[in-house]
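**Q** Shown below is the structure under consideration.
The values are calculated or read from the model by the stated rules, or taken from the named source; none is laboratory data. No experiment lies behind these values; they were computed from the predicted model shown. In this analysis, Cβ positions are derived from the backbone assuming ideal geometry, glycine residues included, and neighbour counts consider all displayed protein chains. Heavy atoms of the whole protein, side chains included, go into the accessibility calculation; ligands, DNA and RNA do not. Shrake-Rupley method; radii C 1.70, N 1.55, O 1.52, S 1.80 Å.
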Amino acid sequence: MRSKILLSTLAFTSALMTTAAPAAMASSADEAQLQALRQEMAQMRREMMGQISSLKTRLAKSEAATHQASVPHGKGTNYAANMPRHHYVESGPVDPSVQFNDSTAQTGRLKLQTSGTPVTDRGDVTSWKSFRQATRSDENVHIGGMIIGFPKGRFTVASEDASYGMSIGLAFHEDFGGFFNSGPRAGEGRGAFNSFTSNMRRLRIPFTFRYKNWVAAVTPDFGANHNDGYVALYEGNLNYTGFRNTILTVGYFQPRVTEEDSESSNDFMTLERPSITDMVRNIAAGDARFSVGALHYEKRWWIAGYFTGQEWGHRNASDMSSTYYGGGNGNTMDSQTGATLRVAGRPVATKDWDVHLGASAISSFRQACNSASATNSAATSCTRTTSFGQRPEFDIGEANLAATGTISNASQVWAAGPELGVRWNRLLLKSEYYHVGVQRHGPQIKSAGFQGWYGSAAYTLFGTPRLYSEKSGAFTAPGVTEKEEFDPATNHWGALEVVGHYSVIDLNSRLNDAIAANVVRGGQQTVWTGGLNWYPNRHFRVMLDYSHFIVSRSMQATNTAGRTGNSVAVRVQAGF
């Protein structure tokens, strides 16, 4: 009854404004004031129509519930089936100040889900409860027994109770730029250090299919390599979310290890991950890695662990030239197996402060065993090797300068190290360190060891600052609320942050050993990066990075005497 009274009142008010507006406008002599009044009245009318639409929806639901309760006991479903049914369509803006016995919104600290941060570049795997809340709270349209809308900014179609759902997203990263003052020294190979070129770094289309707490995520990637033109699978996995704040996963997946790798690529401070975290994750994790495991999160702590196998396409004979993620070998006789573990804590969580502490460990406790024969049926033995190499944190197809080459007799590879992040108001500082070990076997053969670290800083000049995500145990990108979206006419400019970054990897091991097989001269690489990131709204971003790199000599043909250089790069990004 109260809903009907409110509905009538709003309809009468809307009609009154429609008839009164021309008279009010006609009485004004100032054309500018007339225009402003027209816009104001039009906005008020739109808001009123949105409230009317919302009230109609609530009223239809209330009447349907009342009708169901009034079915006489023992009449069964046939009685209800013969009674009138309500079909409704909900559209238009909804005024959040109109409450219908809903819980009062909490005030104070800005919540992550309302901060306007970018969407993930992965399949958004949430529990059925969270999915229902998102489809209810975000802008949507109800048509019969279906919901069509954009929960978390991703196009979604779901049944009325959200038992069934399908979402389609987008992660679009186009990079362009080049190198300068990066030429080779005498006797070195030039390498693919283009003065200007471009690369479709990522073009992922995440598909998420749901039945209650069972979720399948399938994401093809049309920007799967360091050069344009390759297509691959980023993820294809099955998830169960029925346990509180827990996601169980099996299939091709990106296991969450290191703080940087737990972030979505839509949230990176700079165009690429720090070299050490990219190197560590590819030991037994990385993109499209077969994984079985789980993650669990709370407000103050986070943990995830996975058993892992090969990467997607890794045993494909056409993968000999690194067509897919990480390359592969068509002569693999025994696939790689490994595991990852990451734990994180959040000892401080206030409006102005967040402190993140964590540790990650990863191990390939059995390296892939590849035969030398072109046909496995003719092979009688295989060898286990590994290698490490990193570009100078700019990925448009250039050559590695720091690289170990093939390390033979590698039985196991592992890495471990701590994570630290501190956010104070608009400033975020974070850092990680990892030691990498290679266990080797054979007469007089010794193990190899490498290391690396980075430190990054970001300051949000305007817009919502970077916040902490409990679900990922990592920090997000800056946010742009709807009222802050880029609109010069209203003096709104989105969000802008300035970033700085220092990164080191040391791929040298046992340089003074008397046995040549124990010496690994991969070089030490240092990268300094500064940049600006502009977010006109939550779905788009433009990044500008300048980097200076210094690499000591390695056994690469492009870096036999040490090399320095500079790069400038731009990324245009879209995420839905």
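**Q** Among DSSP beta bridges whose residues both lie in the range 338-453, state the antiparallel percentage, nearest 5.
**A** Numbers: 44 of 44 bridges.
The antiparallel fraction comes to roughly 100 percent.
**Q** Which one of Ala557, Ile505, Leu467 is farthest out on the positive end of the charge dipole of the range 435-576, using unit charges on Cβ (Lys, Arg +1; Asp, Glu -1) and the Cα centre as origin?
**A** Projecting each Cα onto the dipole axis, the largest value belongs to Ala557.
**Q** Oh, and also: Could you give the size of the charge dipole of the range 360-476 about its Cα centre, using +1 on the Cβ of each K and R and -1 on the Cβ of each D and E, expressed in debye and rounded to the nearest 20?
**A** Details: 10 positive and 6 negative charges, 43 e Å.
Roughly 200 debye, rounded to the nearest 20.
**Q** Quick one: how many Å² of Ser195 are accessible to a 1.4 Å probe, rounded to 10?
**A** Approximately 90 Å² for this residue.
**Q** Quick one: putting +1 on the C-beta of Lys and Arg, -1 on the C-beta of Asp and Glu, what dipole do you get for the range 481-576 around its Cα centre, in Debye to the nearest 20?
**A** Numbers: 8 positive and 8 negative charges, 100 e Å.
That gives a dipole near 480 debye.
**Q** Turning to a different aspect of this structure: Using per-residue counts of other Cβ atoms within 10 Å, averaged over each peptide, order 447-454, 488-495 from highest down.
**A** On the way: 447-454: 20.8, 488-495: 14.4.
Top of the packing list down: 447-454, 488-495.
**Q** In this model, which of Lys129/Lys483; Lys212/Lys299; Lys212/Lys483; Lys430/Lys483 are farther than 32 Å apart at the alpha-carbon? Write out the running numbers ahead of the final one.
**A** Numbers: Lys129/Lys483 28 Å; Lys212/Lys299 24 Å; Lys212/Lys483 34 Å; Lys430/Lys483 30 Å.
Pairs exceeding the cut-off: Lys212/Lys483.
**Q** Moving on. So, how do all the Cα-to-Cα distances of the range 332-474 break down into 5 Å bins, in percent, from 0 on up?
**A** 2, 8, 13, 14, 14, 14, 12, 8, 6, 4, 3, 2, 1, 0
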